[in-house]
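Some notes on the structure that comes next.
The values are calculated or read from the model by the stated rules, or taken from the named source; none is laboratory data. Keep in mind that what you see is a predicted model, and the values were worked out from it rather than measured. FYI the Cβ positions are ideal-geometry reconstructions off the backbone, even for glycines, and counts take in every protein chain you see.
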Amino acid sequence: METGVLHTHHLIVVVYILFIALNFIIVLLKRRNALLAIKARTRIIRIGWEVLLLGTGIFLMLKSPLGLADYILVKWITMSLGIVFFILGMKKMNALWMTLSLVMFIYTYLLGSTRNILLKPEEMRVHEAYLTETDEALQGKAIYEIACARCHGEDGKSNYRKAKKLAETSLNDDAKATFIKMGKGIMPSYSYMKDEEIQVLLKYLNQLKENSTR
Ligand code: HEC
């Protein structure tokens with residue numbers, strides 16, 4: 001269910017950004033009549049589209065074990081700004097507002113795919129966490145929170161997007177390591193992870209399991 005909604009949300013977002021880009025070009029070309037015609041013809045469908053965009057976004061946020069994580073909060077803010085700037089740009093036929101709107105939406109899109117306010121890729125953040133944290137427990141926790149918690153939950157008890165409850169798994173370390181390297185179905189493969197990173201991660205997974213049975 002969540003995966004279907006996620007793909008739908010993604011498609012809605014891409015089409016919406018293309019729509020804004022189209023209006024942006026028309027504003028740049030100063031085609032006032034074309035802009036008014038598009039505005040009038042697409043009004044109802046645009047509002048319906050926005051409701052779908054927000055509806056799927058809210059659904060995913062409520063289902064996600066991360067809830068209103070920092071990057072999701074920022075996503076809401078920049079998306080809202082994007083809509084406000086878009087409305088202003090359309091009203092005034094102003095290229096600056098339209099540019100700002102497009103920048104906001106593209107940033108929001110990239111936030112969604114990197115899940116990081118500075119738009120740093122996950123791989124880079126995992127390697128950095130391994131290098132900067134001082135002991136194994138902290139390294140494992142940091143890597144888990146960057147790469148795994150969004151599906152498995154911070155406590156390893158979530159089954160968002162059909163993830164297995166890691167706090168209850170009966171797999172041994174070798175089987176888990178294979179799972180992490182290879183992935184399966186919705187679970188991504190983490191072939192970028194170095195062996196030493198996987199080792200601290202496995203220790204943390206065992207810690208999660210111990211915490212839950214205590
Ligand atoms: C996009 C969601 C997602 C992310 C992110 C994710 N997983 Fe998974 N994980 C899944 C799903 C779905 C399954 C079940 C796959 C199956 O059996 O078909 C799973 C299964 C597993 C299993 C096997 C559990 C069992 O008992 O069979 C392990 C171990 C695991 N994940 C570890 C991790 C680790 C460690 C990370 C982070 C590096 C991670 N996962 C990130 C979705 C995810």
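Which of (1) surrounded by 14 or more Cβ atoms within 10 Å (Cβ to Cβ); (2) not in a helix (DSSP H, G or I) does W97 not meet, given it meets every other one?
(2) is the only condition that W97 fails.
Can you go through K141, K120 and tell me which one is more than 11 Å from the ligand (Cβ to nearest atom), closer than 26 Å to E2 by Cβ and in a loop (DSSP other than H, G, I, E, B)?
Going through K141, K120 in turn, just one is more than 11 Å from the ligand (Cβ to nearest atom), closer than 26 Å to E2 by Cβ and in a loop (DSSP other than H, G, I, E, B): K120.
Could you grab me the full set of residues in segment 124-170 that are touching a Phe, Trp or Tyr at 6+ places or on another chain (Cβ under 7 Å) and not small (G, A, S)?
Q139, K141, I143, Y144, C151
Examine segment 160-167 for a residue that is free of Cβ contacts under 8 Å to residues at least 12 places away in the same chain and more than 22 Å from L60 (Cβ to Cβ), and state whether such a residue exists.
no
Residue by residue, here is whether (1) assigned by TED's automatic domain parsing to the domain that holds G185; (2) under 29 Å from I146 (Cα atoms); (3) not in a helix (DSSP H, G or I) holds:
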| site | (1), (2), (3) |
| --- | --- |
| V14 | no, yes, no |
| I17 | no, yes, no |
| A34 | no, no, no |
| T42 | no, no, no |
| L54 | no, yes, no |
| L68 | no, yes, yes |
| W76 | no, yes, no |
| L81 | no, yes, no |
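Looking at segment 145-161 only, could you name the residues that are near the ligand (Cβ under 6 Å from one of its atoms) and over 18 Å from E210 (Cα atoms)?
A147, R150, C151, R161
Name the one entry in T132, T108 that is in the same structural domain as H10 (by TED's automatic domain parsing), closer than 23 Å to Y71 by Cα and more than 13 Å from the ligand (Cβ to nearest atom).
After applying the criteria, what remains is T108.
Among the residues of segment 162-177, count how many are out of contact with any helix residue (DSSP H, G or I) (no Cβ under 8 Å at 6 or more places or on another chain) and more than 8 Å from the ligand (Cβ to nearest atom).
Adding up the residues that qualify gives 2.
Quick one: count up the residues across segment 156-193 that are exposed (fewer than 12 other Cβ atoms within 10 Å of the Cβ), in a loop (DSSP other than H, G, I, E, B) and of a type in the set (K, R).
Result for segment 156-193: 0.
Looking only at segment 134-155, which residues are touching a Ser or Thr at 6+ places or on another chain (Cβ under 8 Å) and over 16 Å from Y190 (Cβ atoms)?
The answer is D155, and nothing else.
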